[in-house]
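Scroll down for the structure; my scribbles are underneath it.
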Amino acid sequence: MNFQTREIQNNVQISDNSGDDRIKITNQMLMKDGRAWIPVMGEMHYSRVPCERWEENLQKMKDGGIDIVASYVFWIHHEERKGEFDFSGSRDIRRFVELCHKTGLEFCLRIGPWAHGECRNGGFPDWLQNECSDILRSNKEPYISYVKRYINEIACQLKGLPLFAIQIENELQRDPDYIETVRQLVTEAGLHAPLYTATAWGRARLPETVFPMYGAYPEAPWTNHIRELEPNPNYFFSLIREDGCIGSDILGTSTNITDCRDDVPFMTCEMGGGNQITYHRRPIFCSSDIEALVICKLGSGMNLLGYYMYCGGLNPIGLTTMQESKASGYSNDCPVISYDFQAPVGDMGQIRESYFRLSFIHRFLHSFGEMLAPMIAIMPDKAPYSKDDVNTLRCALRSDGNSGFLFINNHIRLHKMPAHPAHGFNIEFNERTVSFSLDIPEDSSFFIPVNISVGGLDILYATAQPVSYSENRLELLQITGIAPVIVLAEGKTYSLEEGLKRINETDVVLLKNDIYEKSELHKISASATEKCCDADILLGHLPVEDKTEEYKVCWTDEDKWLVIKAKGNIAGFFVNKQLVSDFYLNGDSWVIDLRFIREKNGIIKIQPLSDKDLKEIYAEIPLETGTYIPEVYTCKDNRLFI
């Protein structure tokens, strides 16, 4: 497989920074304090996370390698009743942004006013939806005056706080004038940031004043059928930034995708850290599904890595339930409370394996980002001919003409990918051609350095994934199924083993890739009990008749978490007859955080699965009909690794 590198384009500043001298934007990349920068952004919705968990979750994000926290502002969460704004408790956006800064994180404000995010009416309050139904998302009165009032209220809360970026509107295709009007209302209210952005999928027409942001998800649970989906185009390397699938529940499916602007950095705000399940589609993700997605987009030139979601949450309940459902006019049914997203940090704060796998990539971007950011994406001379081609290796090169990183993805979700033994690569740099062969394991995704000088070593190539470096130290991650070696330009080859190896004057450290360990769980009993919890809030939005069974569980002061493994259709967890969490059962574990619950007992309410239900659900693990007592476990640790 051949790559022909070329000279990179001029790096020209294209933003006036809105007075923020720290962050600049060029046609290729972002720069911070004068240095090229590939930041990592993660979404966490403050109003969907109990405020007592904010600081803990933000620290988890920081520890996982996140640089910027992004959050939608859901208008309905703040002005459910017309004219009555609420910024108390978990709606206190100022306190949340201050905690982000205290934790060492930048903040990206996704102000809307329409947000989507599987929130009722896309975040519009019911009163606004009813009063302005024909003129929503337009410059017409009285809608635009309500928008101005809403933006001014948010600006008042955030007065004086620095922002990394402000996203204007969301998933809007055909009205750049309206987007520009909203942007002007934002700046007139006193909100400023180095970047003003907008989502660009759906072939969106955007004003020149905002930067396009893209995304990619591992699955599409919003798809309105229950058949298995075709191979996901997001697992390809491509110079096309839009995938044509994201947002199709709202925008329809795009065809003949072309980018509106390729003279700006390739930035993402919605790289799927998972997906929110819907009633009719219930995928389960492994960490490789998320990791491969990121590797494909980095290899395709992405220079801002933004996850949606990185940290899940819980929908509040007010005058109404606040999730999207067919009852609220949306095309899909979502859980009433849980917005888990199978994210690296789940809805209750539980930590998944993807958190650890992705952290190695984040460390790489923090260390090598200044080197990678100016490098352009180059496709090989031979690429897969279609989505069904599993035999042609998927790869791409990021290079500045003199050095580079080779990205390889041999993983497609739900599709077995064959190994590629002794696969040959020939990379023509400006002053040197590097040729080698590599055994590509089945179902693998990774990247390796080629022709780089780093940590005191002039490396021709290495068969381990780079993690970090300093003046005389280089950390690499072992790739499962590949013998780790470093080949120096001088011709010597060094085999690596776990731990430290001294090469010339450099300490080379090979890290294990299997460090993730799940928390220890202790089984407790769940006993059937008479029904006492109302099923309306749990089932009211769904086309099912109440057949629920209830099971009581008890725990001690030492128990911090419940991990529930249940069979059935829908489940809810109640404390004092109040719904705390719900779950569309799909074969995965369900978590309840006990640390902020005073009572030491609760009710698991389960709607059994019937043969009729099965005909309406796509599940990746076979689901069983009938009634089953759930398996329940506790964990006594302060952090749950699930």
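General remarks:
- Dimensionless Rg over Rh [the chain; C-alpha; Kirkwood]: 0.97
- Given Lys32/Lys297; Lys102/Lys636; Lys82/Lys148; Lys523/Lys565; Lys531/Lys552, the pairs whose alpha carbons are separated by over 18 Å: Lys32/Lys297; Lys102/Lys636
- Share of carbon and sulfur in the accessible heavy-atom surface of the stretch 249-382 [1.4 Å probe, %]: 49
- Compared with the dominant Cα axis of the chain, that is its longest principal axis, helix 143-157 is turned about 70°.
- Projecting the Cα atoms of Gly540, Cys100, Thr480 onto the dipole axis of the chain, where Lys and Arg carry +1 and Asp and Glu carry -1 at the beta carbon, places Cys100 farthest toward the positive end.
- The stretch 1-65 versus the stretch 348-365: alpha-carbon centroid distance in Å: 17
- Rounded percent of accessible protein surface that carbon and sulfur make up, the stretch 472-529, 1.4 Å probe: 43
- Of the GluC sites (Glu not before Pro) found in the stretch 163-245, the ones in coil according to DSSP and having at most 10 other Cβ atoms within 10 Å of their Cβ are Glu208, Glu228.
- Considering only beta bridges that DSSP places wholly inside the chain, some 70 percent are antiparallel.
- Note on the stretch 423-495: Cα convex hull, mean projected area over all directions, 5.1 nm².
- Largest-first principal axis extents of the Cα set of the stretch 136-179 (Å): 32, 23, 13
- Ranking Ala115, Ile606, Leu640 by Cα position along the charge dipole of the chain, where only Lys, Arg, Asp and Glu carry charges on their C-beta atoms, puts Leu640 farthest toward the positive end.
- Taking Cα atoms only, the orientation of helix 287-299 departs from the longest principal axis of the chain by about 50 degrees.
- Ellipticity at 222 nm from helices only: DSSP H runs of n ≥ 4 in the chain, each -39500 (n - 2.57), divided by the residue count, give -4500 deg cm²/dmol.
- Qualifying trypsin sites (Lys or Arg not before Pro) for the stretch 300-409 [loop in DSSP, other Cβ within 10 Å: at most 14]: Lys382, Lys387
- Accessible area in square angstrom per residue, the chain, 1.4 angstrom probe: 38
- Within the stretch 443-491, the GluC sites (Glu not before Pro) that combine a DSSP coil assignment with at most 13 other C-beta atoms in a 10 angstrom radius are Glu471, Glu490.
- Measuring how big the stretch 1-152 is from its alpha-carbon positions, Rg and Dmax come out at 19.4, 63 Å.
- Taking N as the residue count of the stretch 540-585, its C-alpha radius of gyration divided by 2.2 N^0.38 Å amounts to 1.31.
- For the chain, size of Cβ-based charge dipole, Lys and Arg +1, Asp and Glu -1, in debye: 340
- Between the stretch 189-224 and the stretch 609-642, the alpha-carbon centres lie 35 Å apart.
- Candidates Ala373, Asn410, Pro384 compared by Cα position along the dipole of the stretch 373-415: farthest toward the positive end lies Asn410, with charges placed on Cβ.
- Rounded Å value of the spacing that divides the Cα centres of the stretch 372-399 and the stretch 470-523: 26
- Distance cut-off 16 Å, percentage of C-alpha pairs in the stretch 347-467 lying past it: 66
- Viscosity 0.692 mPa s, 37 °C: Kirkwood-radius Stokes-Einstein D of the stretch 305-368 over Cα pairs, µm²/s: 243
- To the nearest ten degrees, helix 54-63 and the longest principal axis of the Cα atoms of the chain are 20 degrees apart.
- Potential extension, Asn152-Arg227 segment - 0.36 nm per residue separation minus Cα distance: 22.4 nm
- The stretch 13-136 - percent of accessible surface contributed by carbon and sulfur, probe 1.4 Å: 40
- Prolate/oblate/rounded label for the stretch 352-421 (Cα gyration tensor, a/c 1.5): oblate
- At the listed q of 0.18, 0.22 Å⁻¹, the Debye profile of the stretch 259-323, built from one uniform point per Cα, gives log10 I(q)/I(0) equal to -0.82, -0.99.
The values are calculated or read from the model by the stated rules, or taken from the named source; none is laboratory data. Remember, it's a predicted structure, so these values are computed and weren't measured experimentally. Reconstructed Cβ throughout: ideal geometry from the backbone, glycine too, with neighbour counts over all protein chains shown. Side chains are part of the model used for accessible areas, which takes the heavy atoms of the whole protein and leaves out ligands, DNA and RNA. Shrake-Rupley method; radii C 1.70, N 1.55, O 1.52, S 1.80 Å.
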